[in-house]
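> Before I ask anything, here is the structure I am working with.
The values are calculated or read from the model by the stated rules, or taken from the named source; none is laboratory data. The structure displayed is predicted, hence computed values, not measured ones. Cβ atoms come from the backbone with ideal geometry, glycine included; neighbour counts cover every protein chain shown.
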Amino acid sequence: MKKNMLKISLILMSLNSVGFAKATKPVAKKTAPITVQKVANPNAGLKVYTKSANSNIRNQIANALTQMKSGQYVQAANNLLALSRRPELSAERTQLKYLLGVAMMELNMNQVASFQFVDVIKSADAKYTRQAIEKLLIVTDKLGDETLLNYAIQRIDVTSVPTQHRDMLFYRMGEIKQKAGLYSEAVQLYSKVGEKSRYHLNALYNMGLSQAEANQTDLALGTFQKLLNSRTAANVTDTNKVAAQMAIARTLYQKKDWEASVDAYSKIPRDHMLWHDSIFERSWAMLRAARFRSALSNFQSLHSSYYDNFYIPETLLLRSIVYLYICKYDEMDKVLTLFDKQYGPVEKSISNFLNTKSSAESYFQELNKTFQIKSNEDAELKTQISYRALRHVADEGDVRRSFSYIRKLLEERRLIDANPQIKSSSIGAYSLKLLVNRTKSAKSSTGDMVKAHLQNMLVELKDLKEQSSLIRYEMINGKKESLKKRLAGKDLGEVQVDDKKDRSFYVENGFEYYPFQGEYWLDEVGNYHYLGKQNCE
């Protein structure tokens, strides 16, 4: 028997003490009012009838409790559901719903359980509200349902929560404060999460983010370094380890310490999913540090064929700006043309979809295709919106969390389908109906999220398109000025881009030199070095 089982044995001991463990003939008395007897365990207390009450109802309640004690949760859930629907037991419905929620928790049907606990909380029965909130906090944390989680947290008294669940509560409360922009309060809550808690690493990371958002960069660096130090023994691609290193690099960039930021970004391992982002962000730091050659070396990797499906329009404009700084106008023109070629169709596909589709379901289904696509050719055939745009939306944090929640709902439905005992019962029918409605609602809200992200992307692309036009104007103006100087007889210098290192420097320092001839090899991505020269006077 699991520990979170309401200590039903205590209930049964209470029932036994008044003779309800076995079916006995009721003893006739002159008066037969229904009385309430308090049980030893407030977490699972159940009103106990006198022997003169209806023996059938009495036996059903006792049977349900006995079944829960023996692990027969399906049978118990069916009995409790039936009892909770009986009009003559309206006064006991809160207790029955609470026990039904616990039974569903034991069956790993957390969504169904959460609805029982919400009903208990809404009933305002002081005897069961606290326990129901605690249980709701647990099941919604497992589900990742932020709506119900916030509902529970807003009603919880921290001091009443069992010690083993307080770390989770502090962490979730910190998230709420952080999203509301109350960073100092968020930091205080995250700091209360114990070091042995499974939420500790996430709490440290979010604490650092909150400090960075509050522009407390030195405090943020200390927090991220603490997280990094705690993972020294972990694998090089450990998610928490890499996330901490990435956060350090971003915070150093925030401090405008460009060189230290570049160095921190360089420590992101190449075989981690954050490596691609680190190259792009490091390129910004290199540009701010006037390390143009290094920035161009990164762009060679970013724009390789291995990242064709990545949504990275800003990188092309950034690359063109670097070329502008070193007066490489022909290369600049190629990059701007590539931007129009790649992201013009993306903008058009998003615009067409937004103009022709209105239902949230259509946006959900379009994004859902990204999880079924296995090749680029498949993507072009199946999606109405550019695949690179859909992939980008699918990686958004709120969309990921929402899809994770939907997967949890589908897992509960599969659990019912795989268990004939549940599926053929009344609790199975009730649960399926509830899950179908909840899944439909979750898909609709996810579709709204997708639509909002696409609208933002469309605004972004239009803005980048305008920037592209301005950069092209600067390119034309630069060409004109360069031509004027040539006509005036002024020679252009052969100055290196950002230092005096040439090909021999790299060969002498252990690098192998292979001229780039338009072919990309995976083991070469990340190792390109730009050896061009600037054409500015």
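> Give the range 194-219 a look and list any residue that's part of a loop (DSSP other than H, G, I, E, B) and surrounded by fewer than 18 Cβ atoms within 10 Å (Cβ to Cβ), or say none.
194, 195, 196, 197, 198, 214, 215
> Go through (1) in a helix (DSSP H, G or I); (2) modelled with pLDDT of 85 or more for residue 71 and report which single condition fails.
Every condition holds for residue 71 apart from (1).
> While we're looking at this one, here's another question. When you scan the range 451-471, do you find a residue that is of a type in the set (D, E, K, R), buried (at least 18 other Cβ atoms within 10 Å of the Cβ) and modelled with pLDDT of 95 or more, even just one?
yes
> For the range 341-369, which positions are loosely packed, with under 14 Cβ neighbours inside 10 Å, within 19 Å of residue 472 (Cα to Cα) and not basic (Lys, Arg)?
Across the range 341-369, the qualifying residue is only 344.
> Please list, ordered by residue number, the helices (runs of 4 or more DSSP H) wholly in the range 102-193 having 2 or more residues that are in the same structural domain as residue 91 (by TED's automatic domain parsing).
110-123
> Only one of these conditions is not met by residue 449: (1) within 21 Å of residue 307 (Cβ to Cβ); (2) in contact with a Phe, Trp or Tyr (Cβ under 9 Å, 6 or more places away or on another chain). Which number is it?
(1)
> While we're here: Mind checking which residues of the range 390-440 are hydrophobic (A, V, I, L, M, F, W, C), crowded, with 17+ Cβ neighbours inside 10 Å, in contact with a Lys or Arg (Cβ under 9 Å, 6 or more places away or on another chain) and more than 20 Å from residue 454 (Cβ to Cβ)?
Hits for the range 390-440 are 409, 416, 432, 435.
> Another one. Please verify whether residue 431 is at pLDDT below 95 and within 30 Å of residue 104 (Cα to Cα), treating the condition exactly as stated.
No: the conditions fail for residue 431.
> Further question on the same structure: Of all the residues that make up the range 440-466, how many are within 13 Å of residue 360 (Cβ to Cβ) and free of Cβ contacts under 8 Å to residues at least 40 places away in the same chain?
3
> Out of the residues in the range 286-311 that are buried (at least 20 other Cβ atoms within 10 Å of the Cβ) and either β-branched (Val, Ile, Thr) or in contact with an Asp or Glu (Cβ under 8 Å, 6 or more places away or on another chain) (or both), state the one that is nearest to residue 236 (Cα to Cα).
Ranking the candidates gives 294 first.
> Hey, among 296, 227, 287, which residue is outside any loop (DSSP other than H, G, I, E, B), of a type outside the set (Lys, Arg), closer than 17 Å to residue 314 by Cβ and touching a Gly at 6+ places or on another chain (Cβ under 8 Å)?
296
> Cβ-Cβ below 6 Å, separation at least six or inter-chain, first residue in the range 87-108 and closer than 20 Å to residue 58 by Cβ, second surrounded by fewer than 24 Cβ atoms within 10 Å (Cβ to Cβ) and of a type in the set (D, E, K, R): which pairs?
Every condition considered, the pairs that remain are 92/47; 94/125; 97/119.
> Which one of these is surrounded by fewer than 19 Cβ atoms within 10 Å (Cβ to Cβ) and modelled with pLDDT of 80 or more: 155, 172, 166?
166
Residues are listed down the side, and each one gets a yes or a no for (1) small (Gly, Ala, Ser); (2) within 22 Å of residue 249 (Cα to Cα):
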| residue | (1), (2) |
| --- | --- |
| 196 | no, no |
| 202 | no, yes |
| 208 | yes, yes |
| 212 | yes, yes |
| 215 | no, yes |
| 226 | no, yes |
| 230 | yes, yes |
| 233 | yes, yes |
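> Sticking with this one: Restricting attention to the range 389-432, report how many residues are assigned to a helix (DSSP H, G or I) and farther than 30 Å from residue 458 by Cα. If you could, list the steps in order and put the result at the bottom.
Our first condition is that a residue be assigned to a helix (DSSP H, G or I); within the range 389-432, this holds for 389-394, 397-417, 420-423, 426-432.
Checking the rest, the ones that are also farther than 30 Å from residue 458 by Cα come to 408-417, 420-423, 426-432.
Number satisfying all stated conditions: 21.
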